[in-house]
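Notes to accompany the following structure.
The values are calculated or read from the model by the stated rules, or taken from the named source; none is laboratory data. Values in this document were obtained by computation on a predicted structure and should not be read as measured data. With ideal geometry, Cβ positions are generated from the backbone for all residues, glycine too; neighbour counts draw on all protein chains shown.
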Amino acid sequence: MTATPTPALPRLPSDSRSLPYDPARLFDLLRQRLQLHSDKALAKALQIAPPLLTRLRHRGLPLSGSLLLRIQDVSGIAVDELRRVLGDRRRRMRLAIGARAAG
């Protein structure tokens, strides 16, 4: 049985800071890299609800640091590379770790 080669990451401009924020580009890359044929299959692989993936893809919600870490675990692509493909220029990522305690 022959292993299918993993698709290479897309060629991006050398100055990736010029890329606009585009979650759809990241999700398209993931579908290609994981050899999935639908967003529903991608949502299942990432263990999120399909409507959430749709909202993320269409910029209805921001992509959290927690989800980027999950994507890294599932895809094997480093968070720095995921952020470059995403066009994310934030200096810090906040992790969504549940409700905040009342202080």
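Annotations for the structure displayed:
- Enumeration of residues in the range 18-56 that are closer than 17 Å to G76 by Cβ and either touching a Leu at 6+ places or on another chain (Cβ under 9 Å) or basic (K, R) (or both): L26, F27, L29, L30, R31, R33, L34, L36, L42, A45, L46
Here's the yes/no breakdown for (1) of a type in the set (D, E); (2) modelled with pLDDT of 90 or more; (3) outside any helix (DSSP H, G or I); (4) under 23 Å from S38 (Cβ atoms):
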| residue | (1), (2), (3), (4) |
| --- | --- |
| P51 | no, yes, no, yes |
| G60 | no, yes, yes, yes |
| V74 | no, yes, no, yes |
| I77 | no, yes, yes, yes |
| R84 | no, yes, no, no |
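- In the range 17-37, the residues that are within 19 Å of G60 (Cβ to Cβ) and either among the β-branched types (V, I, T) or not in a helix (DSSP H, G or I) (or both): P20, Y21, D22
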